[in-house]
Amino acid sequence: MASINGFGVLPFGSSDLAKYKIPGSATKLSLRREVASLIVELARDFHQTVEPLNPKSCWGHDHRKIDGGPNWSFHAPGIAIDLNASDHPRGKHNTFSANQEKSIRKLLKNYSFQGVRLFRWGGDFHTKVDEMHFEIIVPRSIALKAISSHPAGPVAHSTPPDHKPGSRALSLTDPRMTGDDVEYAQRWIGERRAGEPDSVFGTDTREGVRWYQGLRGIPVTGVCDQETWRNMRIKPTF
């Protein structure tokens with residue numbers, strides 16, 4: 001079977017593919033299940049820090065070769081995405097502003113594992129520039145290790161210096177469930193209300209936690225418990 005960096009090419013309808021909604025947006029992408037968490041988080045952070053995603057102009061898996069040639073596209077194994085393609089067509093330079101490109105560079109730097117960048121941006125292609133395009137560039141073994149270590153997460157997800165989340169389980173059943181740790185969880189799962197988290201653990205937050213738990217392969221309870229905190233790179237204290 002043809003593969004790219006250890007990722008086998010997948011036909012349409014493969015059980016190794018699934019469609020994932022990008023938090024905070026209406027965009028859904030077909031992605032390889034085993035690396036979906038990594039790609040979804042990158043797309044979520046692009047949506048939040050570079051520009052809003054247009055659901056009609058974003059794509060994931062596509063069983064095809066590059067320009068009809070002999071080489072498979074990185075879309076074929078389900079390890080690449082195109083974001084806002086209509087605004088950033090292939091072959092066109094400087095479709096992002098200087099500040100947007102700076103934000104993209106920051107994302108690429110944040111998504112690394114042991115000093116190795118996990119993604120390549122099509123804006124850096126030497127042949128035909130493709131600024132809509134992002135692809136996992138590392139071998140499959142490295143990508144899976146990176147996911148198990150939870151290395152990804154931009155500065156926006158860092159813990160405020162005066163706050164240590166993980167001191168309690170967050171649940172919809174507790175009417176007092178508000179505060180900084182709720183806001184931290186909301187930022188991690190990408191929940192936004194009017195542009196900012198509201199620090200209240202409501203039904204939307206519960207569903208966001210359920211989505212994140214399913215994405216990480218942990219029990220889907222809707223409660224931000226010890227295991228969920230650990231997946232957010234926080235060591236629980238309760």
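Every number here is computed from the coordinates shown, using simple stated rules; none is lab data. Fair warning: this is a prediction, and the values are worked out from it, not measured in the lab. Note that each Cβ is placed from the backbone with ideal geometry, even for glycine, and that neighbours are counted across all protein chains shown.
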**Asked** Size of the dipole of the stretch 3-149 about the Cα centre, Lys and Arg at +1 and Asp and Glu at -1 on the beta carbon, nothing else charged, in debye to 20?
**Response** 200
**Complete:** Charge tally for neighbours of residue 117 with beta carbon under 13 Å away, counting Lys, Arg as +1 and Asp, Glu as -1, is +2
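Among 132, 1, rank each residue by its count of other Cβ atoms within 10 Å, from fewest to most, as a rough exposure measure.
Details: 132 23, 1 5.
Taking fewest neighbouring Cβ atoms as first place, the list is 1, 132.
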**Message:** Quick check: residue separation of residue 34 and residue 3 times 0.36 nm, minus the Cα distance between them. What number comes out in nm?
**Reply:** 9.7 nm
**Prompt:** Cross-link partners among lysines for residue 19, C-alpha distance below 19 Å, same-chain residues fewer than 8 apart left out?
**Reply:** 28, 56
**Request:** Find the relative contact order for the chain and round it to a whole percent, using C-alpha pairs within less than 8 Å whose residues are 6+ positions apart.
**Result:** 16
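If you add up the charges near residue 89, with Lys and Arg at +1 and Asp and Glu at -1, over every other residue whose beta carbon is less than 12 angstrom from its beta carbon, what do you get? Could you put the intermediate results ahead of the total?
Numbers: positive: 90, 92, 128; negative: 82, 87, 130, 131.
Value of the local net charge: -1.
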**Message:** Rounding to the nearest 10 and keeping the result within 0 to 90°, find how far the Cα-based axis of helix 180-189 lies from the longest principal axis of the chain.
**Reply:** 20
